Amino acid sequence: MNDLIHAWSERIRAASADGRSLHIRGGGSKDFYGRPAVGDLLDTRMCSGIVNYEPSELVVTARAGTPLAELEATLAARGQMLAFEPPHFALGSTVGGCVAAGLAGPRRAAVGGVRDFVLGARMIDGRGELLHFGGEVMKNVAGYDVSRVLAGSLGTLGLIVEVSLKVLPRPVAEVTLRFAMDEAAALHQLNVWGGQPLPVSASAWHGGVLTLRLSGAAAAVDAASARLGGEQIPPEAADNFWRGLRDHTDSFFQVDAPMWRLSVPGDALAASLPGEQLVEWGGAQRWLCSVAPAKEVRARTEALGGHATLFRHGERSGAVFHPLPAALMALQRNLKRAFDPAGILNPGRMYEGL
Amino acid sequence: MGNTPETPGFTTAERDFSQVDKRRLVAALSRVLPATSLLHEAEDLPPYECDGMSTLRQVPLVVVLPETEVQVVAILKICAAQKVPVVARGAGTGLSGGAMPHRFGVVLSLARLKKILKIDAHARRAVVQPGVRNLAISEAAAPYGLYYAPDPSSQIACTIGGNVAENSGGVHCLKYGLTIHNLLKVRGVTIAGEIVEFGSLALDAPGYDLLPLITGSEGMLAVVTEVTVRLTPKPQLARCVLAAFDDVVKAGDAVARIIAAGIIPAGLEMMDQAATVAVEAFVHAGYPLDAQAILLCESDGTPEEVAEEIGRVRALLEDSGAIEIRVSGDEAERLRFWAGRKAAFPAAGRISPDYYCMDGTIPRKRLGEMLQAIQAMEKKYAMRCINVFHAGDGNLHPLILFDANKPGDQDTAEAFGAEILELSVALGGTITGEHGVGIEKINQMCSQFSTPEIVAFHRVKAAFDPEGLLNPGKAIPTLNRCAEYGRERMGHTQPQAHPDLPRF
């Protein structure tokens, strides 16, 4: 493995000297995401395998190219999980891609996102230097917390070689409930429940139906489900439903029209934009399938206190992610330059110039 | 495009600020601040000469106490224009000297920005100014059944701005996370005087996620002027199990077994016998004095959930060889169990003239090994050490007891401490879990990070603060310092300010 890392360092160093862009890619399950990739392909899948896993430490360290499915199966065999429920989208998605994309699934609102579970990372920066930030322990404030910044950076700050992730025990009990409810009522109810000590682990509203998942100790799940009522969904159907949302295999996502991801405060009102909508994360994530002009979608999302991403389909060569205020964009550019001065790592995948 | 060199002005060396002109600086500041917000006479400055790490002291040139963000912006613009170092300060309870003033610099106290701007119960968030005390947020949220989860033991005094700067922990972070996990948005001002918002009211923000970079950055990247925190519903019930062991290694193993069984306790703390004896004499918590180690394991949730978890924890503890197990019967008893743990720091101050507090984190499975190594070091250095641990997350707070008035004692304590920190790194851990690097552990940064990593940190710093004006000399060592590390030994210290304040 050291030979491979050394070879990658050399390759990045040479690319940097020549100003040749590199397209860092794992399983390609998220090729659709972000702005178009450019440059010579650097496939991370050769760098695969779980480096360290001890269930009692609640930490797993895996190489970037490790298939996400393999990692999750390893954790499941010991009764643990990646709590942020990362989407796979397709077979072959990798651990490195999962962290680089920074996308989380249905459990996000309950437990945190990818960055909340990143404890450390080894990466090669745009100068070809192998750097290690963070570590394998839960509490670590030595140095800037660079490894968490890698979550969602789309490979533009460095080639992730290895990551350490905090893992959690799988819940003992899980129940999925369904309620007939309009959007406004569902948004209100989700926030009311959110303020109570209930074991809500996921929520989804679409087409007049609110689906709610409770996870935790058997006693807590039983008590909460008795209190909340609703219609209980059989476990297998429930698992399929949440996996369909996680991986976008649910029929809601099987469209060719632009799919927007609106990330808004959980208590924001209904988006009231034209198109079909599915609400997740207690109201904080809203999928919108709409041909409405980008300007309109972004303006409305901003008015709600959030930001809009053109997640899938649509015109992808322009701004896919929400435009940033000038001062913040300047900091982002500076940070990019700090790690990739020649601008060769997945350039433009996130924003033009990053 | 070729390989771009460093940005102009970039350096990994110490900068010289000796050219700062105090008279010119005071004149400029007095144009943007009322006289009551600007201290520059010699007799007004000593209260700011140190933070919770009181053996390193430095009188600043000037102290400013802005009351508005507009004033913060104006101050930073003046300091940027005149190239004056700026050290931000909250309550001054930090333990690593992060708020120690700069000789040629300004101390920017955020103590007067102390308004709770909004408690939004429906959305479970609070918007507060940086000088608001940690505990004050939970108190303000309590009527709504909500609280702010991170609870550093100094929470009655420490401010949320300081918590952001240090990414503070507490005794409940295994289950509820660190400061970073409980923040939504941090508003700050860069040294250029630009207002920037990191994070958002949504669960993520576009672009690079700079919130984790700002959090724990020890005032090196921006000055925090507003913090939006997530509020958590108060659990219906919390109960605590106290278990005694006749062997520290058995106690360490019990910790691993609880976690491996799929239990994430709300808190999981360990104290060795010396610590138990010290705190018992101080707070009379009723701890068993004959045990080599005691564990405190807290469960919270619904009454049914707590009963189920306590049952499982009790069985695991019995199985691990606990010689005594007590379960708190009521809230008063639960608080009594915790009182001793939270008073460990002042208790150490009662039994020893001085003590040196460590903050390494190691993988949980190495706890027993570390404890045995510390016992051996006590013999080697002929010095006592009492041990309190956030056992659930492997964060250790060994307190080395010494007498600074005894010749050689301080040097011995420093050598003892350095050996513990270096062992923490060697065991796969870190030199600081929650107290920060500040000035105190700046040398040990050189043993944890390689030269390219240290240089990368300097580049991150320069991305926000190209002239290196925010808290210069802290957190990230210069390469020269790392080269000298080993020859030079910084004065290790023990906090003496706020001696009665509970810690960790």
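The values are calculated or read from the model by the stated rules, or taken from the named source; none is laboratory data. Computed from a predicted model, the values in this text were never measured in an experiment. We place every Cβ from the backbone using ideal geometry, glycine too, and count neighbours over all the protein chains shown.
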## Note on the structure
Quick count over the range B:60-105, residues being crowded, with 24+ Cβ neighbours inside 10 Å and assigned to a helix (DSSP H, G or I), is 4
### Selection within the range B:203-249 - more than 8 Å from every other protein chain (Cβ to nearest Cβ), part of a helix (DSSP H, G or I) and in contact with an Asp or Glu (Cβ under 8 Å, 6 or more places away or on another chain)
B:Val248
#### Entry: Evaluation of B:Phe389 against (1) among the aromatic types (Phe, Trp, Tyr); (2) more than 14 Å from every other protein chain (Cβ to nearest Cβ); (3) under 24 Å from B:Cys173 (Cα atoms) (one fails), failing number
(2)
### Message
Pairs please, first residue from the range A:185-198 and within 11 Å of A:Leu212 (Cα to Cα), second anywhere and crowded, with 16+ Cβ neighbours inside 10 Å, Cβ atoms under 6 Å, 6+ apart in sequence or on different chains.
### Response
A:Ala186/A:Trp205; A:Ala186/A:Leu210; A:Leu190/A:Ser203; A:Leu190/A:Gly282; A:Leu190/A:Gly283; A:Trp193/A:Val200
### Task
Report, ordered by the first and then the second residue, all pairs with beta carbons closer than 9 Å, sequence separation of six or more or different chains, a first member in the range B:250-263 that is in contact (Cβ under 8 Å) with a residue 12 or more places away in the chain and more than 8 Å from chain A (Cβ to nearest Cβ), and a second member that is acidic (Asp, Glu) and not in a helix (DSSP H, G or I).
B:Ala251/B:Asp272
### Query
Taking the range B:249-271, which residues are crowded, with 24+ Cβ neighbours inside 10 Å, touching a helix residue (DSSP H, G or I) at 6+ places or on another chain (Cβ under 6 Å) and farther than 19 Å from B:Gly301 by Cα?
B:Gly252, B:Ala254, B:Val255, B:Met270
### Message
Any residue at all in the range A:313-330 that's modelled with pLDDT of 95 or more and of a type in the set (Asp, Glu)?
### Response
no
### Query
If we only count helices (runs of 4 or more DSSP H) wholly inside the range B:302-358, which ones have 2 or more residues that are under 30 Å from the mean Cα position of the chain (by Cα) and among the basic types (Lys, Arg)?
B:331-342
### Task
Go through the residues of the range B:72-83 one by one and say whether even a single one is more than 29 Å from B:Leu469 (Cβ to Cβ), over 24 Å from the mean Cα position of the chain (by Cα) and at pLDDT 95 or above.
no
### Task
For residues that are in a loop (DSSP other than H, G, I, E, B) and facing chain B (nearest Cβ under 7 Å), scanning just the range A:144-160, find the one that is surrounded by the most Cβ atoms within 10 Å (Cβ to Cβ).
A:Ser153
### Query
Given A:Leu245, A:Leu228, A:Leu210, A:Leu198, which one is more than 19 Å from the chain's Cα centre (by Cα), more than 14 Å from chain B (Cβ to nearest Cβ), aliphatic (A, V, I, L, M) and farther than 30 Å from A:Pro341 by Cα?
A:Leu210
### Query
Picking from B:Glu218, B:Glu166, which residue would you name as being charged (D, E, K, R), modelled with pLDDT of 95 or more, on the phi < 0 side of the Ramachandran plot and not assigned by TED's automatic domain parsing to the domain that holds B:Asn395?
B:Glu166
### Task
Please state which one of A:Ser93, A:Ser48 is closer than 24 Å to A:Ile5 by Cβ, more than 9 Å from chain B (Cβ to nearest Cβ), in contact with a strand residue (DSSP E or B) (Cβ under 6 Å, 6 or more places away or on another chain) and small (Gly, Ala, Ser).
A:Ser48
